[in-house]
1. Any residue that is touching a residue at least 60 places away in the same chain (Cβ under 8 Å) and either open to solvent by 40 Å² or more (accessible area, probe 1.4 Å) or among the polar types (S, T, N, Q) (or both) - is there at least one of those in the range 49-72?
2. Report, by residue number, each residue of the range 41-56 that is over 11 Å from the mean Cα position of the chain (by Cα) and among the hydrophobic types (A, V, I, L, M, F, W, C).
3. What is the residue count in the range 1-48 for residues that are of a type outside the set (A, V, I, L, M, F, W, C), modelled with pLDDT of 80 or more, part of a loop (DSSP other than H, G, I, E, B) and open to solvent by less than 90 Å² (accessible area, probe 1.4 Å)?
Amino acid sequence: MADQTPEWLTVCVPALLCRRCVRLLSRHVRDVPGVTAFEVDAAWGLLRVRGGVDPAKLDSELRAALAAAGFSGDRCEHRRGGPLSP
């Protein structure tokens, strides 16, 4: 059986300016159903999330969590060369 490791979803969160922002964001992202791992890079304003659910569903639930935390997020396909890229 093939390994079906979930893909990473990268989201821009340009308002990540301090540790407090990162902690607040982390608390909300950790509660999103299906999230198995996440990484935050405040310097680049990026959040990478891995989940065991449909990526479209994860994306919508993640956006809701970001909004609840007071952040806006946009998917970042153009930042593949950034520090969080595999």
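The values are calculated or read from the model by the stated rules, or taken from the named source; none is laboratory data. Predicted, not measured: the structure shown is a model, and the values here were computed from it. Glycine gets a Cβ as well: all are built from the backbone with ideal geometry, and neighbour counts include every protein chain shown. Keep in mind that these areas ignore ligands, DNA and RNA; they rest on the heavy atoms of the full protein, side chains included. Shrake-Rupley method; radii C 1.70, N 1.55, O 1.52, S 1.80 Å.
1. We begin by selecting, within the range 49-72, every residue touching a residue at least 60 places away in the same chain (Cβ under 8 Å); these are none.
For the range 49-72, residues touching a residue at least 60 places away in the same chain (Cβ under 8 Å) and either open to solvent by 40 Å² or more (accessible area, probe 1.4 Å) or among the polar types (S, T, N, Q) (or both): absent.
2. First pass over the range 41-56, keeping only residues over 11 Å from the mean Cα position of the chain (by Cα): 42-44, 52-56.
Ala42, Ala43, Trp44, Val53, Ala56 - these are the residues of the range 41-56 that are over 11 Å from the mean Cα position of the chain (by Cα) and among the hydrophobic types (A, V, I, L, M, F, W, C).
3. Taking the range 1-48 as the starting set, the residues that turn out to be of a type outside the set (A, V, I, L, M, F, W, C) are 3-7, 10, 14, 19-20, 23, 26-28, 30-31, 33-34, 36, 39, 41, 45, 48.
Remaining after also requiring modelled with pLDDT of 80 or more: 10, 19-20, 23, 26-28, 30-31, 33-34, 36, 39, 41, 45, 48.
Narrowing the set further to residues that are part of a loop (DSSP other than H, G, I, E, B) leaves 31, 33-34, 45.
Narrowing the set further to residues that are open to solvent by less than 90 Å² (accessible area, probe 1.4 Å) leaves 33-34, 45.
Residues that pass the stated criteria total 3.
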